[in-house]
Amino acid sequence: MASTAPEKEDPTAPAPVLGPGQTYTTVTQKISSIITSRTPLGWIIGVALALGLMQCFALGVTWLLIKGVGVWGLNVPVGWGWAIINFVWWIGIGHAGTLISAILLLMRQNWRNSINRFAEAMTIFAVICAMQFPLLHTGRPWIAAYWLLPYPNSMGVWPQFRSPLIWDVFAVSTYFTVSLIFWYIGLIPDFATLRDKAKQKVSRVIYGILSMGWRGSAKHWHNYEMTSLLLAGISTPLVLSVHSIVSFDFSVGLVPGWHATIFPPYFVAGAVFAGFAMVLTLALPLRAVYGLHDFITDRHLNNMSKVMLATGLIVAYGYGMEQFYAWYSASTYEGYMMQNRTWGPYSFEYWMLILCNVAVPQLLWIKWVRLNPIMLFIVSMFINVGMWLERFIIVVTSLHRDYMPSSWDMYRSTPWDWLLYIGTIGIFLLGMLLFIRVMPVINIVEIRLLVPRKGHDKKPDHDASADASAD
Amino acid sequence: MSNSYFLGVFDNESDIVAATRITRESGYDIHDVYTPYAVHDLPEAMGLKSSRLTWVCLMFALLGFSIAIFSQFWIAGVDWAVNVGGRPFNSLPAYLPVMFECIVLFGGLGVLFTLFVRTKLYPGKKELTIHPEVTNDRFVLAVELRDSAFDTAAITMLWEQYHVLEIRQLSEA
């Protein structure tokens, strides 16, 4: 066809977001075959590994509840340790999911269609992992209700609404609820597809219940689309608020190293940076194992790398500003804190952080790295580690040398810290593996929007040229 | 009482939109159109009114805002006022984050709840299967079949212009 040929020859046109030759039926078949095919051996090994890691969690929690938070490495100047570090790390990872599902939806970025479901699932499980830490750090989670929720204790005292910690409870629980709603709403039409494709009665009944009687009625689609758009609209400020409020946990405090106005944007950018690294860490093996190259194309890898590069540069700017303000403020304590952070006893961790989050991501300027799955996986792993180190540096180096040198101390984690952290990785992996096995890992309905239209000479809804400028 | 529908099955978006528009303009009562994804031109072709969910969302958001502002002032300023470093009991700026989160939470839950009520969807609902492939690759136009005088030949001719693949009649018990 003469009308389509020039498009293919245009060297400046972005790579397609969907492999060639796909139709509605092949899309449905390919994505549902991940669920309907026999359980692969790799999946079973993965679940065994995840369950093994979850045993660490069980062990860590049991000992914590018997002995109390004294089993962790906390001491007097460093009253916050791995619990808050892990909490912030997990919450940050979740942010990529909401960014992809909400912000990119509002910006009409159609390349998001094949990664949004997966990233949203990641958000849900990451927030579940994150929520373990605030709950467990209370030492007695069964009576934590009146420390966390607006419910008066036996003396009629309510939580303190001026505290960022209570803001955090509202932010994280709202974030979890709204992400879950958004995810489930997106799944309903796909559950209906699976119900109609199911060969066994059990799966037909289960998917039937989950799909809530969805039949693809245009009247339903009409309200459904509006619901998605509204949820995207409210999730966008929500995702920005959540990590801003998490950063308030620190920046509202008067501790040198925490009390900085740069914290909210710096934390939000760091969250997206860490989240995209985790999306790639999981999506690259998934794409290889299930042969999803037609859905998660080179264009996706390229775009995700660019988002990581951009947010990584914002994070690097944050590190630079921290150094600058320590000097420019002319505050003795700020200056000493920064000197101690950079050259003190935790300087190894600090420079590792700079290596992981500032130096290594610069490789993403190179197109070959952005398109090479192995290189991209390595860079993502560096960022995963780097973002954990960032929170370690913020928490520990700001606290361990107090105003009075007599109360200075070093912070060392204990095996119980490690068990809980590794344990939550087990929870996360198990959640993701179960999700991959029973739910469509790619949004079938939204991929249909990318399939070239039949019959008339009409391009897909959001055609490539419309979003080329954003790439 | 049973409802009967006359169905036309199509395989692409532009045909179903054009067929829907011409069918409605020819005076038939469109029961519904079933599609594998949200077709953006359909609501207009079917003559649907624009969704009012935005207003519902706003109402729920205002409810969340009111509850958050009232309860924070009441808890921290009236029911058990705690003096923290001599700061005022009613410190509005400190209440903003919880207010914002409640706006989003109530708006989100409200719009979800309204969607399910409005579309009458609930877990385990059984609905008549219009066409087994409608959740895969078929687009189905359903017209109300009210009386025996319904001219099936005329509507078939109408739909054939738009490459209808299959025509069938369906009765709901």
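The values are calculated or read from the model by the stated rules, or taken from the named source; none is laboratory data. Bear in mind that the values here come from a model prediction, so they are computed numbers and not experimental data. Counting neighbours? That spans all protein chains shown, and the Cβs are built from the backbone with ideal geometry, glycine included. Quick note on the areas: whole protein, heavy atoms, side chains included, nothing else; ligands and nucleic acids left out. Shrake-Rupley method; radii C 1.70, N 1.55, O 1.52, S 1.80 Å.
Take residue B:37 and decide whether it is in contact with a strand residue (DSSP E or B) (Cβ under 7 Å, 6 or more places away or on another chain) and either more than 23 Å from residue A:245 (Cβ to Cβ) or aliphatic (A, V, I, L, M) (or both). When the stated conditions are applied, residue B:37 does not pass them. Answer yes if at least one residue in region A:183-206 is more than 8 Å from chain B (Cβ to nearest Cβ) and under 19 Å from residue A:237 (Cα atoms), and no otherwise. Scanning region A:183-206, I find at least one residue that is more than 8 Å from chain B (Cβ to nearest Cβ) and under 19 Å from residue A:237 (Cα atoms), so the answer is yes. The set of residues in region B:1-33 that are part of a helix (DSSP H, G or I) and among the hydrophobic types (A, V, I, L, M, F, W, C) comprises B:16, B:17, B:18, B:19, B:22. Being exposed (fewer than 15 other Cβ atoms within 10 Å of the Cβ), under 30 Å from residue A:195 (Cα atoms) and either in contact with a helix residue (DSSP H, G or I) (Cβ under 8 Å, 6 or more places away or on another chain) or more than 7 Å from chain A (Cβ to nearest Cβ) (or both) is a description that does not apply to residue B:114.
Residue A:233 meets each of the listed conditions (1) facing chain B (nearest Cβ under 10 Å); (2) open to solvent by 30 Å² or more (accessible area, probe 1.4 Å); (3) modelled with pLDDT under 90 apart from (3).
One residue stands out among those in region B:14-50 that are of a type in the set (Ser, Thr, Tyr), over 14 Å from the mean Cα position of the chain (by Cα) and more than 7 Å from chain A (Cβ to nearest Cβ): the one that is nearest to residue A:224 (Cα to Cα), which is B:20. Remark: pairs (first residue in region B:23-45, without any contact (Cβ under 8 Å) to a residue 60 or more places away in the chain and within 15 Å of residue B:12 (Cα to Cα); second residue open to solvent by less than 20 Å² (accessible area, probe 1.4 Å) and among the aromatic types (Phe, Trp, Tyr); Cβ separation under 6 Å; 6+ apart in sequence or on different chains) = B:38/A:221. Residues in region A:81-103 that are open to solvent by 20 Å² or more (accessible area, probe 1.4 Å) and at pLDDT below 90: A:99, A:103.
For region A:168-181, which positions are open to solvent by 20 Å² or more (accessible area, probe 1.4 Å) and either within 7 Å of chain B (Cβ to nearest Cβ) or touching a Ser or Thr at 6+ places or on another chain (Cβ under 7 Å) (or both)? Working first, answer last.
We begin by selecting, within region A:168-181, every residue open to solvent by 20 Å² or more (accessible area, probe 1.4 Å); these are A:169-170, A:173, A:176-177, A:180.
The answer is A:170, A:177.
Summed over region B:51-85, residues that are under 23 Å from residue A:163 (Cα atoms), within 32 Å of the chain's Cα centre (by Cα) and not in a helix (DSSP H, G or I) total 0.
Taking the criterion of being in contact with a helix residue (DSSP H, G or I) (Cβ under 6 Å, 6 or more places away or on another chain) and under 17 Å from residue B:40 (Cα atoms), the residues of region B:1-21 that qualify are B:10, B:17, B:19, B:20, B:21.
Taken over region B:53-94, the criterion of being closer than 30 Å to residue B:117 by Cβ, at the interface with chain A (Cβ under 10 Å from one of its Cβ atoms) and of a type in the set (Ser, Thr, Tyr) is satisfied by B:54, B:71. Being buried (at least 23 other Cβ atoms within 10 Å of the Cβ), in contact with a helix residue (DSSP H, G or I) (Cβ under 8 Å, 6 or more places away or on another chain) and under 20 Å from residue A:396 (Cα atoms) is a property that does not hold for residue A:133.
Per this entry, residue A:313 is not counted among residues that are in contact with a Leu (Cβ under 8 Å, 6 or more places away or on another chain) and in a helix (DSSP H, G or I).
I'd like the full set of residues that are away from chain B (no Cβ under 14 Å), at pLDDT 50 or above and not in a loop (DSSP other than H, G, I, E, B), limited to region A:430-471. Listed by number, the residues that qualify are A:430, A:431, A:432, A:433, A:434, A:435, A:436, A:437, A:438. Restricting attention to region B:145-173 and to residues that are within 14 Å of another protein chain (Cβ to nearest Cβ) and more than 21 Å from residue B:13 (Cβ to Cβ), the residue that is modelled with the lowest pLDDT turns out to be B:172.
Screening residue B:129 with (1) facing chain A (nearest Cβ under 7 Å); (2) open to solvent by 20 Å² or more (accessible area, probe 1.4 Å); (3) in contact with an Asp or Glu (Cβ under 9 Å, 6 or more places away or on another chain); (4) of a type in the set (Val, Ile, Thr) gives one miss only, at (1). Among the residues of this structure, residue A:218 counts as one that is surrounded by 18 or more Cβ atoms within 10 Å (Cβ to Cβ), in contact with a strand residue (DSSP E or B) (Cβ under 6 Å, 6 or more places away or on another chain) and at the interface with chain B (Cβ under 7 Å from one of its Cβ atoms).
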